Every structure is written in structure tokens, then in C-alpha cells.
Ligand SMILES: *Cc1c(COP(=O)(O)O)cnc(C)c1O
């Protein structure tokens, strides 16, 4: 007897959920549906519930089924970008006057979306170090936020937050607890199983995995909130296009093996940098020296491929970021190829001078799946410059 879908484990779900062979032809890879409209058998007589491409598309449905399965959620909604997903979630939950309590080194675009877009609609923002639960408790006691929003590991300083502890604090205050799981991915960490209410993703990163498709997703269990977000997906229309949805699905199928290799290479790179005389500090939860190491080891099943380091000065950090050859100087992360990013002037330029600013000495690496020795040799030569 075949194993029931619900009993399957992560790597199997990533390959198979939402990916049944095409009923009409037996094609093992379900076709990409480009049609924007669907024939009706009499007015309102829809064959598969499909009527118009913004409302629903079978390729997007397949991706959403796959996303829900890999995060262990009842509902998943996919969007044109990570920020589009965040926007729909925030607008579904918040009303003017509501406040978001945000981690202090979240993705710069999340900070910008809440402070500069939703701020004009009366949404308030407060920043706290989410990895310090006493600080979170104090902030919540001062004023109850509507949303607690955390990235763990965080971007780019790889701080680790206790998701179960945060969820307990948030729920006692009636807040919705959101985890941006872009860095860890469900291959390494399942926030819903730890008590979070909503997981958000930039699928542009590890889920897509090949730096060739922009997308985002929201995964959750709450039926009523899922319906509200689904309404915004339809009524605002920041949906994934069919080819984008299909590329993301294809990427997710190899997520388990990619994250394993990213984690191996990440640890090798972090250990190498930690032993290097020119490196002032290494931020990687897989290192025993990382303050969140034990918590990460409990809450995650691997430490991932993002490694940040601090050099002796901003000048040295910029020079290092411009000296690698195998690591390409570029924004973004999570692809099979290794990238180097200088947050202060690149990904986090929008939070420069704010309380979410990144120290000028810090460089962030997205360690790819290339050969380990080649990666270390490249870092060695860049550190000599
Ligand atoms: C990239 C990123 C986002 C934004 O996603 P887009 O797909 O670029 O809109 C949000 N959160 C994290 C952690 C990211 O890395």
C-alpha cells in the first residue's frame, strides 16, 4: 500500500506534493497553464473551479499545495515577490493605529514597506532585538503590538530567536506571530510546528534556488486569516505568473539536497573565516562560538548557507567584497552560486542611519553549492588583497 501523503517526510513532500501526473496525458511533470481564462459549461459551470487567471491558475495551485506541504501548514498563497506576500499579509491583519513589533535586523525591504508604505496608512512600527526575549516581553508589556515579526536566523547578523518562546509571549498579548523563514527554509526549520502563526518567504531565495525567479509566499493554519489574504491576493492581484510558479516548484523539488550542501559549505566557510587572522568576527549559528548556537541546534536541523563576517574597518570590508572571484558581488542570496554582499551600501542601504542599520565592517556571504576547496581558496585570496 502506498504511504499516505500526510505521513510522508520533507524530502518526499518537496518532490511530490501538488505534483500528481497530469490526469489527461499522464505527463509526469504537470503542464504549465498559461491560459488566462477558462471555458464555462453554461454560465457559472466551471470545470475545475477555474475562471480567470488572477483569481486562480492550476500551476499556481500546484505550487501553493507544495508550499503548504513543506511548511506543514493548512494554507499557502503565492505572490509575485516576497514583499508582495508581506504586503498582503500585513494589510489582512492590520488596521490604522495598529503596531508591528519588528526584529532589529530584518530584511531592509520589510522595514521600508512597514515604515514608508504602511506608515502613511497609520501603521506604527517599533524595533526590538527579538533574540532577547526579556526585551521582547518588556516591549510587549509597554504596549501590545498587533504583530510580532521576526527573522531567524536574521539578516545579516544571523541572530537566533526562540520561536516557541516568542510565540508564547505574542499569544499572551493577542498578537499574530510571523516568522520570515527565507534564510532557514522548511528544510531546516518549521516555524508553524514551533507555535508561529504565519510563515512568510521570499521564494526568490532558497526555494527557487537558482537566482532566476522572483516570488513570495505566505503559509498558515488559520482559516479565517487565510481567506482574508486570499481575498487580497485576488483583489489586489500581486499573483505569481504561471512560469514563475512553475520555476519555483521545480526549485523546491531539490531543496532538501541543496540545503544539505549549503549547510556543509556554510560550516566549512565559517570555520575557515573564524581561524583567519584578518577576520574580526564571524556570524554563523553553526559555530560553537555563536551566542545562538545551542538554540539553533535545537530549533533547526542544519545551519544553512548564510555566513556574515566583520573585518577591521568599513574600508577593509568594501575591499574584501570587491576582491572575490568565485563569489559574485551581487544582492540577493540562496542560489546555487556563491554571492558576496556589502549590506551597508547594497541590501541594507534603505536602513542606513536607522536603528536597523548594519555595521559598516560587515560583509554577508551566501555560500553556494560549489566545491568547498574552491570556495575557501577564493576567500583566502580575497583576504590577502
Ligand atoms: C529578499 C527577502 C525578502 C523580500 O523578498 P523579495 O522576493 O525580494 O520581494 C524578504 N525577506 C527576506 C529575509 C529576504 O531575504
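The table below lists the values:
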{"read-out": "Convex hull volume per residue for segment 283-385, taking Cα atoms only, in Å³", "value": "118 Å³"}
{"read-out": "Nearest-ten-degree value, helix 133-142 long axis tilted from longest Cα axis of the chain", "value": "60 degrees"}
{"read-out": "Counting DSSP beta bridges with both ends in the chain, the antiparallel % (nearest 5)", "value": "55 percent"}
{"read-out": "Value of D in µm² per second that Stokes-Einstein yields for segment 3-253, Kirkwood Rh from Cα pairs, at 10 °C (1.306 mPa s)", "value": "85 µm²/s"}
{"read-out": "Additional length obtainable on full extension of the chain from residue 43 to residue 277, 0.36 nm per residue less Cα span", "value": "77.0 nm"}
{"read-out": "Burial ranking of peptide ranges 308-318, 254-264 (average Cβ count within 10 Å, highest at the top)", "value": "254-264, 308-318"}
{"read-out": "Segment 314-358, relative contact order [Cα under 8 Å, separation at least 6], %", "value": "26 percent"}
{"read-out": "Exposure proxy ranking, count of Cβ atoms within 10 Å, fewest first, for 324, 249, 354, 203", "value": "354, 324, 249, 203"}
{"read-out": "Gained length - residue 210 relative to residue 171, 0.36 nm times residue gap less alpha-carbon distance", "value": "10.4 nm"}
{"read-out": "Value at 222 nm in deg cm²/dmol, rounded to 500, when DSSP H runs of n ≥ 4 in the chain each add -39,500 (n - 2.57)", "value": "-10500 deg cm²/dmol"}
{"read-out": "Peptides ranked, highest mean first, by Cβ atoms within 10 Å: ranges 326-334, 16-24, 93-101, 80-88", "value": "80-88, 326-334, 93-101, 16-24"}
{"read-out": "Average Cα contact separation per residue, segment 256-384, under 8 Å, 6 or more apart, as relative contact order %", "value": "27 percent"}
{"read-out": "Approximate spin-label separation residue 325-residue 313, in nm, with each point projected 7 Å along Cα-to-Cβ", "value": "2.7 nm"}
{"read-out": "Per-peptide average of other Cβ atoms within 10 Å, ordering 338-350, 177-189 highest first", "value": "177-189, 338-350"}
{"read-out": "Contour minus Cα-Cα distance for residue 231 and residue 345 (0.36 nm per residue)", "value": "37.4 nm"}
{"read-out": "Contact order normalised by residue count of segment 3-253, Cα under 8 Å, 6+ apart, percent", "value": "24 percent"}
{"read-out": "Backbone N under 13 Å from the residue 117 label point (7 Å along Cα→Cβ), restricted to segment 216-250", "value": "216-217, 233, 236-239"}
{"read-out": "Cβ-Cβ FRET estimate between residue 52 and residue 74, R0 fixed at 22 Å, reported to 0.05", "value": "0.35"}
{"read-out": "Pair residue 132, residue 28: separation of 7 Å Cα→Cβ label points (nm)", "value": "5.4 nm"}
{"read-out": "Between segment 1-70 and segment 301-376, the Cα center-to-center distance that results, in Å", "value": "37 Å"}
{"read-out": "Using alpha-carbon coordinates, inclination of helix 242-253 to the longest axis of the chain, degrees", "value": "60 degrees"}
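A short reminder: the numbers here are calculations on the coordinates, not readings from a lab. The model shown is predicted, which means the values in this text are computed figures rather than measured ones. Heads up, the Cβs are rebuilt from the backbone with ideal geometry, glycines too, and the neighbour counts pull from every protein chain shown.
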